[in-house]
Amino acid sequence: MSQEIERIETIEFGYQLRDVGTPPGGFDIVYDPGNEMERRLFAVRIEVSDGLTGEYVGSNSPGAAQINMVADYLVGENPLEREKHWSELKRALRKYDRMGIGPLDIALWDYAGKRYNAPIHELLGTYRQRLPAYASTYQGDRSGGLDSPAAYADFAERCRELGYPGYKVHGWDGDWRDVDLLDATVRAVGDRVGEEMDLMVDPACNLETFADALQIGRACDEYGYLWYEDPYRDGGISQHAHRKLRQQLDTPLLQTEHVRGLEPHADFVANESTDFVRADPEYDGGITGAMKIARVAEGFGLDTEFHAPGPAQRHCMAATRNANYYEMALVHPDAANTTPPVYAGEYEDDLEAIDDDGTVPVPNDPGLGVEYDWDYIQANETGRRVYS
């Protein structure tokens with residue numbers, strides 16, 4: 001008798017971030033000593049008739065709203081038919097950004113690993129088990145920490161000393177946004193560590209004009225930056241704009257973090273609008289969707305760089321030849337990483353989680369290979385839904 005999904009549960013919970021806030025007139029997280037802010041995430045549990053449970057923690061509110069639209073479909077279904085479910089959920093959420101697929105798909109992969117007593121990367125096909133990591137910074141601030149080009153360069157030196165082979169600058173947000181300040185930061189970091197580290201810059205779509213994007217790109221050209229990511233106010237979605245930008249610069253572009261799903265990623269690549277390809281298992285339809293994107297990029301001879309840290313990202317990268325770096329984000333000289341404290345075992349994503357070679361391990365226990373702290377999640381619960 002085949003196994004079937006009996007129950008799906010989503011739990012919303014909150015956790016506190018200390019010494020961080022948002023800048024005046026902005027939206028990103030910055031260092032703010034003495035301040036405390038709450039973030040909210042969702043956990044997903046898929047219970048199966050064989051007694052096993054697929055789990056994932058990390059979904060955001062839009063994703064949870066879409067899970068509420070489609071979770072009933074999965075009840076009674078075979079949890080191993082991931083490709084079928086991926087296709088059906090993709091159609092069901094065709095009017096939306098489909099971010100509800102990711103958490104469900106990752107939880108189904110976690111279940112499959114537990115059923116077959118294997119880590120997910122082994123089910124996908126392992127290519128490596130240590131992942132080179134780059135330090136991906138907070139946005140710039142005005143309260144100490146990353147408050148100047150020199151401060152970014154100082155932190156780059158510290159990251160190099162820890163063993164990181166790569167370092168990514170995020171610029172300033174809100175009332176502090178200044179293209180000349182970011183230009184100076186690109187140059188200061190390049191002067192300090194450009195001969196010793198791979199460097200990247202991500203303005204997070206803050207630059208206001210094509211001219212601003214050109215200015216920062218030309219600074220990157222001078223210092224041989226590895227990539228230039230999401231420059232300006234198209235929001236990271238215009239193929240035409242980034243194709244034009246590519247024509248003017250030597251620094252490779254990294255795009256597609258802000259387009260959702262397989263086909264828009266493939267179109268960005270086919271229309272020569274990016275050099276590196278972003279994929280995210282939570283944003284892009286789960287591990288199933290992220291690996292489809294990686295295979296499309298491979299077919300075009302390009303590399304896929306998985307967005308953000310997390311166990312699902314580690315498994316995807318472990319099974320992808322054409323990937324260079326694991327993103328250790330967000331890191332700061334004086335503030336903790338923004339990832340939630342939901343792991344009960346040894347798994348961690350923080351500044352000092354790398355080894356001396358600048359790599360992180362891939363979990364090798366069944367499924368995602370991590371143990372979630374359900375006592376913490378439930379103690380900080382703000383709401384839940386059950387589908388059965």
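The values are calculated or read from the model by the stated rules, or taken from the named source; none is laboratory data. Please read these numbers as outputs of a predicted model, since none were measured by experiment. Cβ atoms come from the backbone with ideal geometry, glycine included; neighbour counts cover every protein chain shown. Surface areas here come from the heavy atoms of the whole protein model, side chains and all, with no ligands, DNA or RNA. Shrake-Rupley method; radii C 1.70, N 1.55, O 1.52, S 1.80 Å.
Brief remarks on what is shown
- Residue that is surrounded by the most Cβ atoms within 10 Å (Cβ to Cβ), among those in segment 68-88 that are part of a helix (DSSP H, G or I) and in contact (Cβ under 8 Å) with a residue 60 or more places away in the chain: ALA71
- Only one of ALA133, ALA107 that is on the phi < 0 side of the Ramachandran plot, surrounded by 18 or more Cβ atoms within 10 Å (Cβ to Cβ), in contact (Cβ under 8 Å) with a residue 24 or more places away in the chain and not in a helix (DSSP H, G or I): ALA133
- Boolean, ALA329 is crowded, with 19+ Cβ neighbours inside 10 Å, touching a helix residue (DSSP H, G or I) at 6+ places or on another chain (Cβ under 6 Å) and at pLDDT 95 or above: no
- Condition check for PHE13: part of a loop (DSSP other than H, G, I, E, B), touching a helix residue (DSSP H, G or I) at 6+ places or on another chain (Cβ under 8 Å) and either closer than 21 Å to HIS332 by Cβ or open to solvent by less than 40 Å² (accessible area, probe 1.4 Å) (or both): no
- Qualifying positions in segment 89-100 - of a type in the set (D, E, K, R) and either under 15 Å from ASN60 (Cβ atoms) or not in a helix (DSSP H, G or I) (or both): ARG94, LYS95, ASP97, ARG98
- Scan of segment 205-223 for residues that are small (Gly, Ala, Ser) and open to solvent by less than 60 Å² (accessible area, probe 1.4 Å), ordered by number: ALA213, GLY217, ALA219
- Whichever residue in segment 158-204 is within 17 Å of VAL331 (Cα to Cα) and of a type in the set (Gly, Ala, Ser) and, among such residues, is most open to solvent (accessible area, probe 1.4 Å): ALA204
- Whichever residue in segment 258-289 is open to solvent by less than 20 Å² (accessible area, probe 1.4 Å) and among the charged types (D, E, K, R) and, among such residues, is nearest to the chain's Cα centre (by Cα): ASP280
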